[in-house]
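Asker: Sharing a structure with you now.
The values are calculated or read from the model by the stated rules, or taken from the named source; none is laboratory data. What you see is a predicted model; the values in this text were computed from it and never measured. No Cβ is skipped: glycine too gets one built from the backbone with ideal geometry, and neighbour counts run over all protein chains shown. Just so you know, the surface numbers come from the protein's heavy atoms only, side chains and all, with ligands and any DNA or RNA stripped out. Shrake-Rupley method; radii C 1.70, N 1.55, O 1.52, S 1.80 Å.
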Amino acid sequence: MRRCLCPGSFDPVTNGHLDVIERATSLFDEVVVAVLVNVSKKGLFSVDERIDMLEKTCAHLPEVRIVSFEGLLVDFARQRGISAVVKGLRAVSDFDYELQMAQMNHRMTGLETLFVATNPDYSFLSSSLVKEVASHGGDVAGLVPDVVLQRLHERLGRR
Ligand code: PNS
């Protein structure tokens, strides 16, 4: 079975993430969406909340499994016997850091990274921007799944 990882913070999942996950399912038999547990960075949503939103968002994708991980991605991939990562590239600004991580991961264990070019509809989109806009009462409908929109309203208040 061909399996890949789609790792990230997913605080919260956006429609850009969903696009990358859906496209990974067309390339691999199983897609493991791995949510980073980062104890030094408090997010807007807990890891359990992020996983819950991802599970609801990906409910129509039977090939997708949602899990959390701590520590190095390469260690998690090795424990699971997964040899490839799929990530989205939104713009040139993503490229430098993503290339560094891909090269470091490959150097450490041979973990491969495949990049998919983000759908231009979402090339400006990030979880941070969604949170900033939503926290000031801006409209992020159409940029995040409905479940996320609802949770953002609950967490930040509907203004
Ligand atoms: O959604 P993000 O925050 O851009 O995702 C970044 C993520 C989680 C993919 C990256 O930070 C990561 O893989 N972290 C795990 C720790 C690790 O392996 N660091 C070394 C990378 S070379």
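Asker: Could you tell me whether any residue of region 131-142 is open to solvent by less than 60 Å² (accessible area, probe 1.4 Å) and within 17 Å of VAL33 (Cβ to Cβ)?
Answerer: The answer is no, given that none of the residues of region 131-142 is open to solvent by less than 60 Å² (accessible area, probe 1.4 Å) and within 17 Å of VAL33 (Cβ to Cβ).
Asker: In the set LEU36, LEU99, which member is open to solvent by 40 Å² or more (accessible area, probe 1.4 Å) and more than 15 Å from the chain's Cα centre (by Cα)? Full working, then the answer.
Answerer: Values: LEU36 fails: more than 15 Å from the chain's Cα centre (by Cα).
Result of the check over LEU36, LEU99: LEU99.
Asker: Within region 118-128, how many residues are part of a helix (DSSP H, G or I), surrounded by fewer than 17 Cβ atoms within 10 Å (Cβ to Cβ) and away from the ligand (no atom under 13 Å from the Cβ)? Before the answer, list the steps.
Answerer: Initial filter on region 118-128 (part of a helix (DSSP H, G or I)): 120-122, 127-128.
Then drop every residue that is not surrounded by fewer than 17 Cβ atoms within 10 Å (Cβ to Cβ), which leaves 120-121, 128.
Checking which are away from the ligand (no atom under 13 Å from the Cβ) leaves us with 120-121.
Count: 2.
Asker: Evaluate region 83-91: report whether one residue or more is under 13 Å from ALA34 (Cα atoms), without any contact (Cβ under 8 Å) to a residue 60 or more places away in the chain and of a type outside the set (A, V, I, L, M, F, W, C).
Answerer: In the first step, residues of region 83-91 are kept if they are under 13 Å from ALA34 (Cα atoms); the result is 84-87.
In the following step, the residues that additionally are without any contact (Cβ under 8 Å) to a residue 60 or more places away in the chain were identified as none.
No, every residue in region 83-91 fails to be under 13 Å from ALA34 (Cα atoms), without any contact (Cβ under 8 Å) to a residue 60 or more places away in the chain and of a type outside the set (A, V, I, L, M, F, W, C).
Asker: Within region 147-154, is there a residue that is in a loop (DSSP other than H, G, I, E, B) and either open to solvent by 50 Å² or more (accessible area, probe 1.4 Å) or not β-branched (Val, Ile, Thr) (or both)? Write out each step before concluding.
Answerer: Going through region 147-154, the residues in a loop (DSSP other than H, G, I, E, B) turn out to be none.
No: region 147-154 contains no residue that is in a loop (DSSP other than H, G, I, E, B) and either open to solvent by 50 Å² or more (accessible area, probe 1.4 Å) or not β-branched (Val, Ile, Thr) (or both).
Asker: Before we move on, is GLY71 open to solvent by 20 Å² or more (accessible area, probe 1.4 Å), at positive phi and free of Cβ contacts under 8 Å to residues at least 12 places away in the same chain? Break it down into steps so the answer makes sense when it comes.
Answerer: Values: open to solvent by 20 Å² or more (accessible area, probe 1.4 Å): yes; at positive phi: yes; free of Cβ contacts under 8 Å to residues at least 12 places away in the same chain: yes.
So GLY71 fits the description; yes.
Asker: Test SER46 against the stated conditions and say whether it is more than 8 Å from the ligand (Cβ to nearest atom), of a type in the set (Gly, Ala, Ser), open to solvent by 40 Å² or more (accessible area, probe 1.4 Å) and in contact with a helix residue (DSSP H, G or I) (Cβ under 7 Å, 6 or more places away or on another chain).
Answerer: Numbers: more than 8 Å from the ligand (Cβ to nearest atom): yes; of a type in the set (Gly, Ala, Ser): yes; open to solvent by 40 Å² or more (accessible area, probe 1.4 Å): yes; in contact with a helix residue (DSSP H, G or I) (Cβ under 7 Å, 6 or more places away or on another chain): no.
Considered against the rule, which asks whether it is more than 8 Å from the ligand (Cβ to nearest atom), of a type in the set (Gly, Ala, Ser), open to solvent by 40 Å² or more (accessible area, probe 1.4 Å) and in contact with a helix residue (DSSP H, G or I) (Cβ under 7 Å, 6 or more places away or on another chain), SER46 comes out as no.
Asker: Of all residues in region 8-33, which are within 13 Å of the ligand (Cβ to nearest atom) and either open to solvent by 20 Å² or more (accessible area, probe 1.4 Å) or assigned to a strand (DSSP E or B) (or both)? Can you show your working first?
Answerer: Kept after step one, since they are within 13 Å of the ligand (Cβ to nearest atom), are these residues of region 8-33: 8-14, 16-17, 20-21, 32-33.
Answer for region 8-33, where residues must be within 13 Å of the ligand (Cβ to nearest atom) and either open to solvent by 20 Å² or more (accessible area, probe 1.4 Å) or assigned to a strand (DSSP E or B) (or both): GLY8, SER9, HIS17, VAL32, VAL33.
Asker: Which of (1) more than 22 Å from LEU5 (Cβ to Cβ); (2) in a helix (DSSP H, G or I) does GLY137 not meet, given it meets every other one?
Answerer: (2)
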